[in-house]
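Student: Just dropping this structure here.
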Amino acid sequence: MDDEPRILDGLRRSLRVKRDEWDMSFADGGEPALEALAADPYDVVVSDMRMPGMDGAQLLAEVSRRHPEVARVVLSGHTERESAIKAAIAGHRFLSKPTEADVVIDVVGQLIVRTSAAHGRRARRIAGAVRWLPALPRQDAELAGLLGAAEVDHDRVIDAVVQHIWLSAKLLQLSNSGFLGSRSKNASIAAVIGAMGVSTIQGLFGAASAQDAPVGWTPATEAYVRTVWRHAVATALLVEQVASPAHRPYAQAAALLQDVGRLAALNGDAPDPAAAGHDGLPFRDVGVELLHLWGLPAPIVTAVAERDLPHEPAESGLGVTGALRTAHLLVQQTDARDPSAGRRDDELARLLAHPQLAVRDTDWRRAAQAASTRAGDRFETR
């Protein structure tokens, strides 16, 4: 939707080639758009950022509350960073104006697809409602202190952010989706931080902190989140050693984000840490759907989707998926294990015998224990 008739007419003409495949409606403002969404089911909404009355950020925030199953795309020209940050919290993809019709068609076509054949609608509804993910209070307090310092220590900020699941995911989303004109297609969280700057992190963190908490925080919730975080961080630390240099940024991001579905699905009391899903819906399906909505690079999404599947690596290398699977199985032998997943010692032995790892003079189990200890110390209750 857009408040400029000229732009709406241009979109109608450009998208005419899809009229036999898609049911499309065009609205000239936020309120008419919400009325259309209330009247009929839609898969995707594309909104201009600047509109009188209800702007794009306000509209998408309202859509996320009323219709979480609808994917949300921001169409924006030059805009103030504060407004863009607000849209970043509620949006899934970002397109800069002027945008070619083929780009709009490609993005909408991607978002129509559900990643789970068995649980697509339920997974989309839970994933689509996510505007931020919970972190440990100590972690948020530390990051708030670093970002609020009179002189910001960039290295310490990077160290904190690369272990912060929501901020890392959001920065990767923005980097790969045209936020503020960026189209870097980068999988390195540290590189994205350098490209976007600390001011973007400050804005995102402040906007997220202003959101209503998605779940009541109890000791059980904190213990649950701590378990998820420790496994993710330990795996990310270890996969840095396991993955090849070319695959390392993707594998590290996949390791950190491997269980976003558990955090996205938190609602009310924390579930049993050993549960792999709730009411028949696997947490992994929710996580993969969320990463797909955010437009993260395919190697990351695939590795997360296949983390629990037996892996047969190519002779040429483990790849991103194999590196994550290997690091995960190694961490499963430590105190940082994922209680919802088991050990696969025979498969792990085969993976460690792969030429990519066998030629290395590394005690992999000791390396896994060291990563587990580092992650445990990082999130120790004080």
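Student: Residue under question is Met24, and the condition is that it be of a type in the set (A, V, I, L, M, F, W, C) and modelled with pLDDT of 85 or more; does it hold?
Tutor: The answer is yes for Met24.
Student: Give me the residue from the stretch 320-341 that is surrounded by fewer than 24 Cβ atoms within 10 Å (Cβ to Cβ) and among the polar types (S, T, N, Q) and, out of that set, modelled with the lowest pLDDT.
Tutor: Ser340
Student: Then there's this: Name the one entry in Val44, Val17, Val63 that is surrounded by fewer than 18 Cβ atoms within 10 Å (Cβ to Cβ) and either out of contact with any Pro (no Cβ under 6 Å at 6 or more places or on another chain) or free of Cβ contacts under 8 Å to residues at least 12 places away in the same chain (or both).
Tutor: Exactly one of Val44, Val17, Val63 is surrounded by fewer than 18 Cβ atoms within 10 Å (Cβ to Cβ) and either out of contact with any Pro (no Cβ under 6 Å at 6 or more places or on another chain) or free of Cβ contacts under 8 Å to residues at least 12 places away in the same chain (or both), namely Val17.
Student: Filter the stretch 308-319 down to the residues that are among the charged types (D, E, K, R) and surrounded by 24 or more Cβ atoms within 10 Å (Cβ to Cβ) and list them by number.
Tutor: none
Student: Tell me which of these Lys97 doesn't satisfy, since it passes every other one: (1) farther than 15 Å from Val288 by Cα; (2) surrounded by 15 or more Cβ atoms within 10 Å (Cβ to Cβ); (3) among the basic types (Lys, Arg).
Tutor: Against the list (1) farther than 15 Å from Val288 by Cα; (2) surrounded by 15 or more Cβ atoms within 10 Å (Cβ to Cβ); (3) among the basic types (Lys, Arg), Lys97 comes up short only on (2).
Student: Determine which member of the set Asp40, Asp48, Asp28 is among the charged types (D, E, K, R) and closer than 15 Å to Phe94 by Cα.
Tutor: Asp48
Student: When only residues in the stretch 186-216 that are hydrophobic (A, V, I, L, M, F, W, C), under 29 Å from Ala270 (Cα atoms) and surrounded by 13 or more Cβ atoms within 10 Å (Cβ to Cβ) count, which is modelled with the lowest pLDDT?
Tutor: The residue in question is Val215.
Student: If Pro245 satisfies all but one of (1) within 21 Å of Gln163 (Cα to Cα); (2) assigned to a helix (DSSP H, G or I), what's the number of the condition it fails?
Tutor: Condition (2) is where Pro245 drops out.
Student: Still on this structure, I have one more. Could you please find all residues in the stretch 328-356 being within 20 Å of Val228 (Cβ to Cβ) and acidic (Asp, Glu)?
Tutor: Asp335, Asp338
Student: Give me a count of the residues in the stretch 266-300 that are surrounded by fewer than 23 Cβ atoms within 10 Å (Cβ to Cβ) and of a type in the set (Val, Ile, Thr).
Tutor: 0
Student: Consider the stretch 293-317. How many of its residues are touching a residue at least 60 places away in the same chain (Cβ under 8 Å), within 16 Å of Ala246 (Cβ to Cβ) and outside any loop (DSSP other than H, G, I, E, B)?
Tutor: Total satisfying the criteria: 3.
Student: Which of the residues spanning the stretch 223-266 are in contact with a strand residue (DSSP E or B) (Cβ under 8 Å, 6 or more places away or on another chain) and under 21 Å from Gln173 (Cβ atoms)?
Tutor: Hits for the stretch 223-266 are His247, Gly261, Ala265.
The values are calculated or read from the model by the stated rules, or taken from the named source; none is laboratory data. This one's a predicted model, so the numbers in the text were calculated from it and none came from an experiment. Cβ: placed from backbone, ideal geometry, glycine included. Neighbour counts: every protein chain shown.
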